[in-house]
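The block underneath contains the structure these notes are about, expressed in structure tokens.
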Amino acid sequence: MVESIQAIRGMNDVLPEDSALWRYLENKLRQTLHGFGYDEIRTPILEKTELFKRNIGEVTDIVEKEMYVFNDRNGDSLALRPEGTASAVRLGLEHGLLGQGVQKWWYLGPMYRHERPQKGRYRQFYQLGVEAFGVSSVDIDLEMILLSKMIWDSLGLLKMPQLQINTLGTSAERAEHKTALIEYLTQYQAELDEDSQRRLQTNPLRILDSKVESTQRLIANAPKLSDYLQADSKAHFSQVCGGLEALGITYTVNTSLVRGLDYYTHTVFEWVSDQLGAQGTVCAGGRYDALVEQMGGAAVPAIGFALGLERLLLLLEQQGMKIEAKTDLYLVSSEGLPRLKALQLAQSLRLQFKALRISVHCGEAGFKNQFKKADKSGAKLALILGEEECANKTITLKYLRDANKSQEVLSWSELQAFLTKLYENKEMLSGILS
Ligand code: ATP
Ligand code: MG
């Protein structure tokens, strides 16, 4: 026997029974983004490895441990994209868009990170990314947060994620703080956990994010970034806080929120759910005012966020949301001429009633079997075409959910008017409602 090949660990299939919920989520996201005046961009899944190495930061977890990198047949080093911001900036620079005033973009697609697979953490996962370029004032920080909140509202989430915000200041302020931090932590080097020791010289800010208790105790007295922030940075952050209050958005300031990528400046934020265990962050983002220049463009301020679709789906599933794609009409027919007529009839109905989902039974099966399939499809109505109907140019209508309603026979010419009435009343046709 041939051994069948399985999917790669941490990379998931979406099964027919689950795809309707994915579509629901994706459609809601698209509607919200469209409604905020953001335009979609699409970038390749493969990019030059250099793009991520240089711009996410050499010593970040993503670049050090998680990226899928390989040489293609020409020997070029390529990477499966681990996130979308670097690609969005590359696109903007390559097509000269970042010099043309404010740009507001979104993208949705798979990202790849070689992490330990667990609930809410996969090696291929889907992100919605949102980026805005060319605005340095806090209005855009507020719009980004409003936009993410609108997403929770539009989905009907029963248990809202909580907003946490922080400021990382400018890169100059961070550099000063970093020097002080290294000096402080070096005194306790031997007491730090292994990961933190490694990060001490490379990325000490991430030590502040450590989950190790002994390290956390040391961090409590470490120099704080807030003591190194200048007036401008402080003013920006307090305007963000004031704006959120004015907009009625509840938040907490979490000074240990640092984010795992190097390019962030000023405002950073996360939406965290208490329903997902350790993988509670459903959405994360912030400003990255220095990245465009660092990537070879002009000094264009920018801000963005990314949201993990699988974690959002887990939230929706946990609150019992289930969406089934229901069929409206199921055509049951005998093989041969009646089946051909069924295909033809279904075709003309699809042209006339564009929103309907119409299934024609294909393959050998007796009527009894076909009715079982019709029932399973969710349809309330079956259209039957046997030899007799075909000869008389009629169709038999069978109500699948209502035992009190008896079958009706209609001529082909009456069928359209009959369905138009049902269509207008939205009764019997469940598919167009879902
Ligand atoms: P985490 O701290 O959970 O590893 P992160 O800081 O690496 O997240 P970002 O790079 O900011 O995450 O990505 C934004 C969002 O994408 C996360 O908040 C999460 O919802 C989702 N995400 C990130 N990594 C994964 C993954 N491996 N599997 C599923 N979703 C993910
Ligand atoms: Mg991560």
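The values are calculated or read from the model by the stated rules, or taken from the named source; none is laboratory data. Quick caveat: nothing in here was measured; it's all calculated off a predicted structure. Positions of Cβ are generated from backbone atoms using ideal geometry, with glycine treated the same way; all protein chains shown enter the neighbour counts. Please note that ligands, DNA and RNA were not included when accessible areas were found on the heavy atoms of the full protein model with its side chains. Shrake-Rupley method; radii C 1.70, N 1.55, O 1.52, S 1.80 Å.
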inquiry  = If I fit a long axis through the Cα atoms of helix 171-186 and take the longest principal axis of the Cα atoms of the chain, what angle between them do I get, 0 to 90°, rounded to 10?
reply    = 70
remark   = So the carbon and sulfur contribution to the accessible area of segment 329-433, 1.4 Å probe, in percent, is 51
ask   = Along the charge dipole of segment 329-433, which of A417, L337, L381 sits closest to the positive end, that is, farthest toward it, with unit charges on the beta carbon of Lys, Arg, Asp and Glu (+1, +1, -1, -1)?
value = L381
Choice from L257, L312, L337 showing the highest fluctuation, given a GNM over the chain with Cα pairs closer than 10 Å = L337
query = Could you give the distance between the Cα centres of segment 309-331 and segment 48-121, to the whole Å?
reply = 31
query = Angle between the Cα long axis of helix 367-376 and the longest principal axis of the chain, 0 to 90 degrees, nearest 10?
reply = 30
ask   = Which whole-number percent is the relative contact order of the chain (Cα, under 8 Å, 6+ apart)?
value = 15
request  = Return, ordered by residue number, the residues of segment 149-167 whose backbone nitrogen is under 17 Å from a label point located 7 Å along Cα→Cβ of Q318.
outcome  = 152-153, 155-164
query = Accessible area of V2, 1.4 Å probe, to the nearest 10 Å²?
reply = 130
Segment 71-209: proportion of alpha-carbon pairs further apart than 17 angstrom, % = 77
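Magnitude of the Cβ-charge dipole of the chain, K/R +1 and D/E -1, about the Cα centre, nearest 20 debye?
Using Cβ point charges on Lys, Arg, Asp and Glu, the chain gives about 1260 debye.
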Euclidean distance of C-alpha centroids, segment 177-247 and segment 248-302, integer Å = 15
message = Starting from 0.36 nm per residue, how many nanometres of slack lie between I249 and E194 once their C-alpha separation is accounted for?
response = 15.9 nm
task = Tell me which residues come under 5 Å, amide H to amide H, from E324 once H is placed; ignore anything under 5 positions away on its chain.
result = none
key: Cα-projected label distance for Q279 with D232, points at 7 Å along beta-carbon direction, nm   = 4.0
message = Below 11 angstrom from the Cβ of H177, what's the summed charge of the other residues (Lys, Arg +1; Asp, Glu -1)?
response = -1
ask   = Restricting attention to segment 313-402, which GluC sites (Glu not before Pro) occupy a DSSP loop and are surrounded by at most 14 other Cβ atoms within 10 Å?
value = E324, E335, E364
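Between beta-carbons, use under 12 Å as the cut-off and find the net charge around S77, counting Lys and Arg +1, Asp and Glu -1.
Net of charged neighbours comes to -2.
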query = What's the center-to-center distance, using Cα atoms, between segment 334-395 and segment 400-418 in Å?
reply = 13
Out-of-range pairs (alpha-carbon distance over 30 Å; input K326/K405; K373/K393; K211/K322; K149/K376; K53/K211) = K211/K322; K149/K376
ask   = Does a label point 7 Å from the Cα of E408, set along Cα-to-beta-carbon, have any residues of segment 330-349 with amide nitrogen under 18 Å, and which are they?
value = 330-332, 349
query = So for the chain, what percent of the C-alpha to C-alpha distances run longer than 32 Å?
reply = 52
query = Of L291, L25, L397, which is the most mobile in a GNM of the chain whose springs link Cα atoms less than 10 angstrom apart?
reply = L397
note = Here the gain from full extension of E387 to S154, 0.36 nm per residue of separation minus their alpha-carbon distance, amounts to 78.9 nm
query = Relative to the first principal axis of the alpha-carbon coordinates of the chain, what is the inclination of helix 412-425, with its axis defined by its Cα atoms, in degrees from 0 to 90 and to the nearest 10?
reply = 40
Exposure rank, largest accessible area first [T281, T32; 1.4 Å] = T281, T32
query = Using a 1.4 angstrom probe with every protein chain in place, what is the largest-first accessible-area order of M321, M111, M67, M1?
reply = M1, M321, M67, M111
task = Leaving ligands, DNA and RNA out of it, report the carbon-plus-sulfur percent of the accessible area of segment 20-86 at a 1.4 Å probe.
result = 45
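What whole-number value in Å² describes the accessible area per residue of the chain for a 1.4 Å probe?
Accessible area per residue: 51 Å².
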inquiry  = Counting other C-beta atoms within 10 Å, and keeping those with at most 15, which DSSP coil trypsin sites (Lys or Arg not before Pro) do you find in segment 245-328?
reply    = K322
inquiry  = Could you sort E293, E3, E64, E173 by their accessible area in this structure, using a 1.4 Å probe and putting the largest first?
reply    = E3, E293, E64, E173
query = Which value, in Å² and to the nearest 10, is the accessible area of H95 when all protein chains are kept and the probe is 1.4 Å?
reply = 120
task = Report the one residue of L181, P16, N203 whose Cα lies farthest in the direction of the positive end of the charge dipole of the chain (charges on C-beta: Lys and Arg +1, Asp and Glu -1; origin at the Cα centre).
result = P16
inquiry  = If each residue of separation counts as 0.36 nm, what is the full-extension length gain between Y68 and R23 once their alpha-carbon separation is subtracted?
reply    = 13.5 nm
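Calculated FRET efficiency, K48 and K376, Cβ-Cβ r, R0 51 Å, to nearest 0.05?
Working: r = 49 Å, r/R0 = 0.96.
That pair, K48 with K376, gives E of 0.55.
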request  = For segment 329-433, just run the numbers: alpha carbon Rg, then divide by 2.2 N^0.38 Å, N being how many residues it has.
outcome  = 0.98
